[in-house]
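Before any comments, here is the structure.
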Amino acid sequence: MRQFRFSDPDFQTAFADFLDERRGQPADVDAAAAEVIAGVKARGLEAVLDYTARFDRVTLTEDTIRVSPEEIAEGVAACDPKVREAIAFAARRIRAYHERQRPADQRWTDEAGVELGWRWGALESVGVYVPGGRAAYPSTVLMNCVPANVAGVDRIAMVTPPGKLQPAVLAAAAEAGVTEIWRIGGAQAVAALAYGAGPIRPVDKIVGPGNAYVTAAKRRLYGVVGIDALAGPSEIVVVADADNDPEWIAGDLLSQAEHDPAAQSILITDDEVLAEAVEAAVQRRLNTLATGEDAAASWRDHGAVIIAPLAHSPALVDAIAPEHVEFCTADPDSLADQVRHAGAIFLGKYTPEALGDYVAGSNHVLPTSRAARFQSGLSLFDFLKRTSVINAGKAGFAILGPHTVALAEAEGLPAHALSAALRLPKP
C-alpha cells in the first residue's frame, strides 16, 4: 500500500505513475487467446473439448457438455433456503430497476412533412459468461441474465467453467429464466459462443466478466459478435471524512481487494488520524478473512491512501475513473455531483458498495481500468437495438430530394444522386 499527500510537490506526477501501473495482465495472454479462437473456429466442438481437457483438466463429451434440466432442478433444491430467498429478493430489485430503463418508440412528422422516428427491439440471442474459478457468482448470473430477460431476448446461453456447479449459481439461473447452460469456460467458451461449436449455436452478443484470457478473447472477437465490455480487475475508491468508523471503511476497501490480487482499493481522506486507523483495521482484518491472501496482495501491491482536502476529491476520482466510488461524508451529494467519471456512485456511510454488488438493483457489471471515462455499466440498453424509421412521402421527397442530389454529387457518388434525381419532377 502506498500513501500520497496532496500537499507534496511531486504528488501529481507520482500519482499519475501509480495509476498507469499495469495490473493483472499476463504478457502472453493475447497470443494464447488467439490460438484458442483459431482452433475453435476451425475445429468447433472438438477443439472446445480438447481445450477443456487441457486447461481445466475435465473430460467432456457432446452428451455431457450441457447442464441438464434435472441438474438445474437438483441445484435449486440443494440451495440453502436463505440463499434462495436472497436470490429471489435481488432478482426482483434488479428486474424492477432495469424495467425503468425501458425506452419508448417514437414517431413524429417534421416541418418538411417527413415522418421520422425510431423503434427499439431486443437482441435475438445473448451469451452470458459466468466465472467459476475463485468463487461461485450467483450475482453475476442475475446481473447479466435478468436484464436480458427483461429486454425480451429470445435465447440466453450461459457458459461457466466445468466442475461442480454451485447450487446458488443454478438457483440464480433458474430465477433468471435461463435453461441453456454449458459447462465450458475460458477463451474456448467465448469462441464457441461467437462461432458456434457442435450443439452450441452462435449468439449475437456476449456479456459477462471473466479472467484475462476471457477478456482477450472478447477483444479479438469484437465485430464477429457483439461485446459488452472488456472487464479488468475490480476497483473501489472510498472518500471519507473524519466522522467515520475506520472498521467500516476498512471493510469497504477489502470488499474489492478480496476479488483478485490485481484489484485496487483507494482511500481519499482529509483526516490523518482516520487514515492511520483504517490502515491498522485493514491489517487486522486481513488476518481473519478467508480471502485474506488475495486481499493482502491487492492491498500491498495496488492499494493507496491519499491525504487530501475533500474539496479536491471529485477531481481525484475523475482522474482514477473507478469502477466504484463511495462518498462517506456529511454531504455526499455535494461532492458526488461534481464527479464525471465513475461506474457507480454510493452515497453516505450506510451505502457500502456491497449493496450494489447484490441487492440494490443497479447493475454491478461496470467499467474498469479507467473505462468509466467513456463507458457506462451494463444496462437494459445492452440487450436492445434502436432502428431508425423514415417515411418521406411525395411532398417530403420534393423538399429533401434536390438537397440529396447536391450532396451526393459533391461527394462524387453519381448513383446516389441518380437514385434521388429519378424521383424528382422532370423540368
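FYI, it's all coordinate maths here, none of it is from the lab. Just so it is clear, the structure is predicted and the values come from calculations on it, not from any experiment. Every residue, glycine among them, receives a Cβ derived from its backbone with ideal geometry; neighbour counts consider all protein chains shown.
Starting with the highest mean, order 375-381, 41-47 by the number of other Cβ atoms within 10 Å, averaged over the residues of each peptide.
375-381, 41-47
Given labels modelled 7 Å from the Cα in the Cβ direction, how far is it in nm from PHE374 to GLU115?
Placing both labels 7 Å beyond Cα along the Cβ direction yields 3.8 nm.
To test your reading of the geometry: what angle, between 0 and 90 degrees and rounded to tens, separates the Cα axis of helix 272-286 from the longest principal axis of the chain?
Between the helix axis and the principal axis of the chain, the angle is about 90 degrees.
Could you put ASP382, ASP271, ASP28 in order, starting from the residue whose Cβ has the fewest other Cβ atoms within 10 Å?
ASP28, ASP271, ASP382
Compute the separation of the alpha-carbon centres of the range 142-156 and the range 220-266 and state it in Å as a whole number.
A separation of 25 Å, based on Cα centres.
Using Cα centres only, tell me the gap between the range 295-315 and the range 59-122 in whole Å.
Rounded to whole Å, the Cα centres lie 36 Å apart.
Which of rounded, prolate, oblate describes the range 272-427, given a ≥ b ≥ c as roots of the alpha-carbon gyration tensor eigenvalues and a/c under 1.5 marking rounded, otherwise prolate only if a/b is larger than b/c?
prolate
If you take every DSSP beta bridge whose two residues both sit in the chain, what share of them, in percent to the nearest 5, is antiparallel?
Rounded to the nearest five, the antiparallel share is 30 percent.
Within the chain, what is the number of lysine pairs with alpha carbons under 23 Å apart, leaving out pairs fewer than eight places apart on the same chain?
On the way: LYS41/LYS205; LYS41/LYS218; LYS82/LYS164; LYS205/LYS218; LYS205/LYS385; LYS218/LYS385; LYS394/LYS426.
Step by step, the pairs that qualify in the chain add up to 7.
With +1 on the Cβ of every Lys and Arg and -1 on the Cβ of every Asp and Glu, and nothing else charged, how large is the dipole of the chain about its Cα centre, in debye rounded to the nearest 20?
Using Cβ point charges on Lys, Arg, Asp and Glu, the chain gives about 1900 debye.
Set the Förster distance to 45 Å, then compute FRET efficiency between LEU347 and ALA77 from the Cβ-Cβ distance, nearest 0.05. Each step should come with its number before you reach the end.
Details: r = 39 Å, r/R0 = 0.87.
Once rounded, the FRET efficiency stands at 0.70.
Under the rule a/c < 1.5 gives rounded, and otherwise a/b versus b/c splits prolate from oblate, where does the range 1-141 land using the Cα gyration tensor?
Because its axes are fairly even, with a/c under 1.5, the range 1-141 counts as rounded.
Helix 81-99 against the longest principal axis of the chain: what's the angle in degrees, Cα atoms only, rounded to the nearest 10?
40 degrees
Rounded, prolate or oblate: which fits the chain, taking a ≥ b ≥ c as square roots of the Cα gyration tensor eigenvalues, rounded meaning a/c under 1.5, else prolate when a/b beats b/c?
The shape class here is oblate.
Need the full-extension length gain, ALA53 to SER334, defined as separation in residues times 0.36 nm minus the C-alpha distance. One decimal, nm.
Values: separation 281, 0.36 × 281 = 101.16 nm, distance 5.40 nm.
Roughly 95.8 nm would be gained on extension.
Using a Förster radius of 56 Å, what is the FRET efficiency between ALA290 and THR387 based on their Cβ-Cβ separation? Nearest 0.05, please. Don't skip to the end; give the middle numbers.
Working: r = 49 Å, r/R0 = 0.88.
Efficiency, from the Cβ-Cβ distance: 0.70.
Angle, helix 29-43 long axis vs. longest principal axis of the chain, Cα atoms, 0 to 90°, nearest 10?
The angle comes out at about 50 degrees.
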